[in-house]
Ligand SMILES: Nc1ncnc2c1ncn2[C@@H]1O[C@H](COP(=O)(O)OP(=O)(O)OP(=O)(O)O)[C@@H](O)[C@H]1O
Ligand SMILES: [Mg+2]
């Protein structure tokens, strides 16, 4: 737990709250927290899922570990302390985005259970923090190795590499468990969408019905063309 450095800080309340913002968007602010070892498919799935959600009129944003290390977290390395701070910051950003009413897709290795738990705790178990375990055997990830990182780690060129020379603690009870070694990207996306629909976190897709209604409004039955 990190405490404020100064005791002279006060909360300034606003007039518009999370419910108001969520009503505006028509869906809850959610965090889908993708965790898994390198090359398990976190970024790939976050990108594919974001596209599917966007097409369903959801307001989304991806927080990707690699991208965030280019900016907000560029001063952090891969020691256990820096990894903890990396996740603490992104847990806070995810909470802010939930407060905005945005569906945020967090794609971070986030190897430590306690750090993920701390990020989850910010949601006060309101059902809007969903841990997505991107589960893939290390041999398959190493075979994929899209960034050549496993190779470098095996050669000793990268220290503290998760699943090679740094630990990964798998989730014990994730809301969504995706086996990316067995199922294709589109199947994993569909499983996630099905979960969100089943829990009323997004609305069913209605493009064909909406299109039909729109056409009927433009030209009522029997009207001259
Ligand atoms: N079902 C699947 N889901 C996701 N990725 C898959 C799947 N099947 C194969 N892949 C491939 O696995 C690789 C996953 O790479 P990706 O960069 O998404 O992993 P990552 O978990 O984000 O890794 P890192 O922690 O290094 O950022 C990609 O090349 C992707 O095409
Ligand atoms: Mg990634």
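Please treat every number below as a calculation from the coordinates, not as lab data. Model, not experiment: these values are computed from the prediction. Counting neighbours? That spans all protein chains shown, and the Cβs are built from the backbone with ideal geometry, glycine included.
Quarter the surface of the alpha carbon convex hull of the stretch 100-148 and you get the mean projected area, 4.7 square nanometres.
Assuming R0 = 25 Å, can you tell me the calculated FRET efficiency for the pair residue 51 and residue 203, based on Cβ-Cβ distance, to the nearest 0.05?
Numbers: r = 17 Å, r/R0 = 0.68.
That gives a FRET efficiency of 0.90.
Potential lengthening of the chain between residue 24 and residue 11 amounts to 2.2 nm, from the contour at 0.36 nm per residue minus the alpha-carbon distance.
Grab the beta carbon distance between residue 126 and residue 159, set R0 = 45 Å, and tell me the FRET efficiency rounded to 0.05. About 0.70, to the nearest 0.05. Ordered by the count of other Cβ atoms within 10 Å of each Cβ, fewest first, 10, 61, 112 give 10, 61, 112. Taking other Cβ atoms within 10 Å as a rough exposure proxy, 42, 147, 152 sort from fewest to most as 147, 152, 42.
Note on residue 173 and residue 79: their simple-model spin labels are 3.5 nm apart, each label 7 Å out from Cα toward Cβ.
Can you give the log10 of the normalised intensity I(q)/I(0) at q = 0.10, 0.13, 0.18 Å⁻¹, computed with Debye over equal Cα scatterers of the stretch 11-131? Treating every Cα as an identical point scatterer, log10 I(q)/I(0) equals -0.30, -0.51, -0.95. The alpha-carbon positions of the stretch 148-204 define a convex hull whose volume is 122 Å³ per residue.
On alpha carbon coordinates alone, what is the Rg over Rh value for the chain, Rh being the Kirkwood radius? Expressed as Rg/Rh, it is 1.06. Volume of the convex hull of the stretch 45-109 (Cα atoms only), normalised per residue: 72 Å³. Could you give log10 I(q)/I(0) at q = 0.13, 0.14, 0.19 Å⁻¹ for the stretch 1-62, computed by the Debye formula over C-alpha point scatterers of equal weight, without solvent? Result of the Debye calculation: -0.62, -0.69, -0.86. By other beta-carbon atoms within 10 Å, ranking 149, 1 with the fewest at the front produces 1, 149. Measuring nothing but how far apart in sequence close Cα pairs (under 8 Å, 6+ apart) lie, relative to its length, the chain scores a relative contact order of 27 percent.
Adding -39500 (n - 2.57) for every DSSP H run of four residues or longer, then dividing by how many residues the chain holds, sets the calculated 222 nm ellipticity at -12500 deg cm²/dmol.
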